[in-house]
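Notes for the one structure printed next.
The values are calculated or read from the model by the stated rules, or taken from the named source; none is laboratory data. Quick caveat: nothing in here was measured; it's all calculated off a predicted structure. Virtual Cβ from ideal backbone geometry, glycine too; neighbours counted across all protein chains shown. Surface accessibility is based on the protein's heavy atoms, side chains included, excluding ligands, DNA and RNA. Shrake-Rupley method; radii C 1.70, N 1.55, O 1.52, S 1.80 Å.
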Amino acid sequence: MLGFTKGLKYTLKQLTKEKVTYNYPDEPLPLPDRFRGIQKFYPEKCIVCNQCMNICPTECINLTGKKHPDPTKKGKIIDTYDINFEICILCDLCTEVCPTEAIVMTNNFELASYSRDMLFKNLEWLDENDENVRQVNKP
Amino acid sequence: MIRTEEMLLNVGPQHPSTHGVFRLVVKIDGEIITEATPVIGYLHRGTEKLAENLQYTQIIPYTDRMDYLSAMTNNYVICHAVETMMGIQVPERADFLRVMAMELGRIASHLVAWGTYILDLGATSPFIYAFRDREMIINMLNELSGARLTFNYMRVGGVKWDAPEGWVDGVREFVPYLREQLKGYHNLVSGNEIFLDRVKGVGVYSKEDAINYSLSGPNLRSTGVKWDLRKDEPYSIYDRFDFNIVTRDEGDCLARYHVRLEEIEESLKILEQACEQFPAEGEIMAKVPKIIKAPKGEAFVRIESPRGEIGCYISSDGKKEPYRLKFRRPSFYNLQILPKLLVGENIANLIAILGAVDIVLGEVDG
Ligand code: SF4
Ligand code: SF4
């Protein structure tokens, strides 16, 4: 019986300890700055270099560019930018390769929705996702 | 005349005690198992095949999803294999960060193994305590890498992030805390009479069996074989630390339980020394080409994961993707002995034996 009582003693001792659970979702979950959540996209910064699309291991980024409207400027600007969050694994590689930090991670992680189509996020949606943006993006 | 009949019982694939999607078809005669056939593959994602079309850096997030309870060791094995092929020397600071991350991962993984094992045997509260302490590790790794389980932290040639401000101190403080908690774990479970009745002398196999079945990790060491790659084939900077290989001689479920708990203590020793020796500054990435191309040829490396020996074989034809990639996944090998162990056992012991093997289905199925 000794083992039993020892265990019971340990359990009883825990009753006085502080709570360790979070009151989620009533209070937001504390997350470190590096946390990799849904991306924020800055269309004005993007130079359409396609690096993010090429590095993505699940091929979930689709982007197209168009000619710069100002004929005196060279290069392209972004036209459409979609991420399919059905298969995005939030691996951070796209933000790692982006030379202008046009795509960065945020601390938002709530993606659940009632239909799969809702998981296709386009340029406007990603642009508006501008809360809790990661401060330090490159090591 | 009483006529008896054998019965076919299907355990899983959706069963809380199979730790994932694992199915076991058992033939029982009364309460005694006469035959057991594991059915695997429900979680097969074809990591090895997918890797043939991916660059080396892109493969790393996929390895997170094999043994998702200790993704750091998986990250390491692929990076280590590529580094071996390319002859890259990893900077010291990166090596320290890698070892600390891996040892934290090992502790977290053993805590899950411990908690869920007791849960399988019917006691709920130890599981909660294990997860309370594991949460602290997960938070530390989250601060370091930005994810709670799928870290994608290591890169060929080093690590992605340097330790954030105060992180090493956090680890240093965690060591005595967990030592204290481990005493509590022993008080709570190790001496419990019901627990001992359930696991002592159950699922015994011999040293020879363990070696013949290619078991590794705690499953091997619980039979008395002193074999740990961190000591026997030191990789990274493990030769700088002073720690012991934990073994037990009994080869039963209780021995495996004790090996895991004691390995946590050994990992804490490594962490303590790593915090002491942690270099004040230094690079975290070696000089590597932007596009990583392993030279033509092949390489095989193996390291000690919490579950045993994880190996990575790369055959390269000099391109930026591997020609063939193969992982030796320890859970898959450890599972092979299960049918042999189960025959002749009481059906109630099935869960006790399966739980003690400590499989992760992501790794079994690959
Ligand atoms: S986080 Fe990873 S999977 Fe998601 S879009 Fe970026 S590269 Fe692709
Ligand atoms: S890597 Fe950055 S700049 Fe290049 S296309 Fe992607 S988002 Fe735009």
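Annotations
- The single condition among (1) within 16 Å of ligand 2 (Cβ to nearest atom); (2) closer than 25 Å to B:LEU54 by Cα that A:ILE87 does not satisfy is (1).
- Residue in segment B:82-104 that is nearest to the chain's Cα centre (by Cα), counting only those that are over 14 Å from B:ILE237 (Cβ atoms) and open to solvent by 10 Å² or more (accessible area, probe 1.4 Å): B:THR84
- Yes/no for A:ASP82 being modelled with pLDDT under 90 and either under 27 Å from B:LEU149 (Cβ atoms) or in contact with an Asp or Glu (Cβ under 9 Å, 6 or more places away or on another chain) (or both): no
- Hits in segment A:2-23 - residues which are within 13 Å of chain B (Cβ to nearest Cβ), open to solvent by 80 Å² or more (accessible area, probe 1.4 Å) and either at positive phi or hydroxyl-bearing (Ser, Thr, Tyr) (or both): A:THR21, A:TYR22
- Some residue of segment A:86-97 being open to solvent by 20 Å² or more (accessible area, probe 1.4 Å) and more than 20 Å from B:ALA147 (Cα to Cα): no
- Within segment B:183-257, helices (runs of 4 or more DSSP H) holding 1 or more residues that are surrounded by fewer than 19 Cβ atoms within 10 Å (Cβ to Cβ): B:193-199, B:207-212, B:229-232
- Residue tally, condition within 14 Å of chain A (Cβ to nearest Cβ) and either open to solvent by less than 10 Å² (accessible area, probe 1.4 Å) or under 23 Å from B:GLU281 (Cβ atoms) (or both), over segment B:62-73: 4
- Qualifying residue in segment A:49-56 (condition: part of a strand (DSSP E or B), open to solvent by 20 Å² or more (accessible area, probe 1.4 Å), out of contact with any Phe, Trp or Tyr (no Cβ under 8 Å at 6 or more places or on another chain) and within 16 Å of ligand 1 (Cβ to nearest atom)): no
- Any hit, segment A:33-47, residues being within 10 Å of chain B (Cβ to nearest Cβ), more than 16 Å from ligand 1 (Cβ to nearest atom) and either surrounded by 12 or more Cβ atoms within 10 Å (Cβ to Cβ) or within 15 Å of the chain's Cα centre (by Cα) (or both): yes
- Where helices (runs of 4 or more DSSP H) fall wholly inside segment B:306-363, the ranges with 2 or more residues that are open to solvent by less than 40 Å² (accessible area, probe 1.4 Å) and touching a Phe, Trp or Tyr at 6+ places or on another chain (Cβ under 9 Å) are B:330-335, B:349-357.
- Annotation note: of B:ASN152, B:ASN142, the sole residue that is out of contact with any helix residue (DSSP H, G or I) (no Cβ under 8 Å at 6 or more places or on another chain) and within 9 Å of chain A (Cβ to nearest Cβ) is B:ASN142.
- Pair list, Cβ < 6 Å and 6+ apart or interchain, from segment B:50-72 residues that are charged (D, E, K, R) to residues that are open to solvent by 10 Å² or more (accessible area, probe 1.4 Å): B:ASP64/B:THR150
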